[in-house]
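Scroll down for the structure; my scribbles are underneath it.
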Amino acid sequence: QVQLVESGGGLVQAGGSLRLSCRASEPIFSIGAVRWYRQAPGKQRELIAVTTHNNTNYHDSVKGRSTISRDNAEMTVYLQMSSLTPEDTAVYYCNAEIWATEMTPREDYWGKGTLVTVSS
């Protein structure tokens, strides 16, 4: 079964940057929207970025300092973030609409998350 695997989290200093990765575990037939969420301690999960075949949008909290990019050959979507602050500390999740095979209905897939901790 296809899985999404996030990576790239860790401990970074305020003002620093990092690039998160979301990679499909095996080849897929097609992919639709890819979304990035984050969940800070004690808070609800929030959508921070989404990309489709023709559009990319960012939440105000990360707009201007975040960029989504794709590497289709590697089946990977990236979230580059800069100017990090302690408020960016959270578990970051990717979510994607995937057709695993030509005969498989669209399904939502979630990664297990990668922790980003920003120190002062």
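Side notes on the structure shown:
- Boolean, T104 is open to solvent by less than 50 Å² (accessible area, probe 1.4 Å), in contact (Cβ under 8 Å) with a residue 40 or more places away in the chain and out of contact with any strand residue (DSSP E or B) (no Cβ under 8 Å at 6 or more places or on another chain): yes
- Residues in segment 14-37 that are out of contact with any helix residue (DSSP H, G or I) (no Cβ under 8 Å at 6 or more places or on another chain), under 19 Å from T114 (Cα atoms) and touching a residue at least 40 places away in the same chain (Cβ under 8 Å): G16, S17, L18, R19, L20, S21, C22, A24, V34, R35, W36, Y37.
- Selection count where residues are surrounded by fewer than 11 Cβ atoms within 10 Å (Cβ to Cβ) and assigned to a loop (DSSP other than H, G, I, E, B), scope segment 51-88: 5
- When segment 40-50 is filtered for residues that are assigned to a strand (DSSP E or B) and more than 16 Å from L84 (Cα to Cα), the ones remaining, listed by number, are E46, L47, V50.
- Yes/no for E97 being open to solvent by less than 50 Å² (accessible area, probe 1.4 Å), out of contact with any helix residue (DSSP H, G or I) (no Cβ under 6 Å at 6 or more places or on another chain) and over 19 Å from G10 (Cβ atoms): yes
The values are calculated or read from the model by the stated rules, or taken from the named source; none is laboratory data. Worth saying up front: this structure is predicted, and the values here are computed from it rather than measured. Glycine gets a Cβ as well: all are built from the backbone with ideal geometry, and neighbour counts include every protein chain shown. Just the protein is used for accessible areas: all its heavy atoms, side chains included, with ligands, DNA and RNA removed. Shrake-Rupley method; radii C 1.70, N 1.55, O 1.52, S 1.80 Å.
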